[in-house]
Amino acid sequence: MRESPWRSCSDFNALDGDPVMPSPRTKVILAVVAHADDLEFMAGGTVARLAGEKGHTVYEYILTDNSKGSYRLSPEEIIPISEAEARRAAEILGIREVFFERYPDGELDQVNPAVLRGKIMAKIREVRADVVMSWDPFAPGEDHPDHRCVAIATLEAASFAGNPRFYPEHAHPPCAVTEAYW
């Protein structure tokens, strides 16, 4: 039985070029998250190392508008602040570019899963991602619906991004994701 390329975040040494899964070249990594602070919270140090020390190209794709990210500030106030903070964090971490989808915060479970999967697959194909990072689709106790939706949609999009029969209408050609980290 062949070893699966899908790994947990504890296996990031695979991107360090270890003998289990050597990495002879730099890779393109797409981190798919629900909120503007998710990546920094779940893997900020790892991303900084992968982008800086290891020379991989990292992109971040944030799917919600973060409109519910503050008890004190209104959505109109918090959205631009969150986006500015995400851009600044990306600059510090060495992320090449941040993409914002701007679905309403806390409502990804109301988005058609096929649409969400298609958006993520289109972004994988656009940046030509070798590797995806996201929330763990199988994490027990993950109670945030946005995180669960992003996790499942990313798993599905990464699994089929290399297949030309999935979303043939996309502007960019298929791109096979060879590694995924949760």
Tally, over region 52-74, of residues that are touching a residue at least 40 places away in the same chain (Cβ under 8 Å) and in contact with a His (Cβ under 7 Å, 6 or more places away or on another chain): 1
Every pair of residues 6+ apart whose Cβ atoms lie under 8 Å, when the first sits in region 125-147 and is more than 17 Å from GLU101 (Cβ to Cβ) while the second is polar (S, T, N, Q): ASP130/THR178; VAL131/THR178; ASP136/SER8; PRO137/THR154
Some residue of region 81-94 being touching a helix residue (DSSP H, G or I) at 6+ places or on another chain (Cβ under 8 Å), touching a residue at least 60 places away in the same chain (Cβ under 8 Å) and not in a strand (DSSP E or B): no
So PRO140, is it surrounded by 13 or more Cβ atoms within 10 Å (Cβ to Cβ) and of a type outside the set (Asp, Glu): no
Residue within region 37-45 that is aromatic (Phe, Trp, Tyr) and at pLDDT 55 or above present: yes
Those residues of region 112-137 which are surrounded by fewer than 19 Cβ atoms within 10 Å (Cβ to Cβ) and either in a loop (DSSP other than H, G, I, E, B) or not charged (D, E, K, R) (or both), in sequence order: ASN112, PRO113, ALA114, VAL115, GLY118, ALA122, ARG128, ASP136
Whichever residue in region 81-111 is touching a strand residue (DSSP E or B) at 6+ places or on another chain (Cβ under 7 Å) and β-branched (Val, Ile, Thr) and, among such residues, is surrounded by the most Cβ atoms within 10 Å (Cβ to Cβ): ILE95
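The values are calculated or read from the model by the stated rules, or taken from the named source; none is laboratory data. Keep in mind that this is a model prediction, so the values were computed, not measured. Methodologically, a virtual Cβ is constructed for each residue, glycine included, from the backbone with ideal geometry; neighbour enumeration extends over all protein chains shown.
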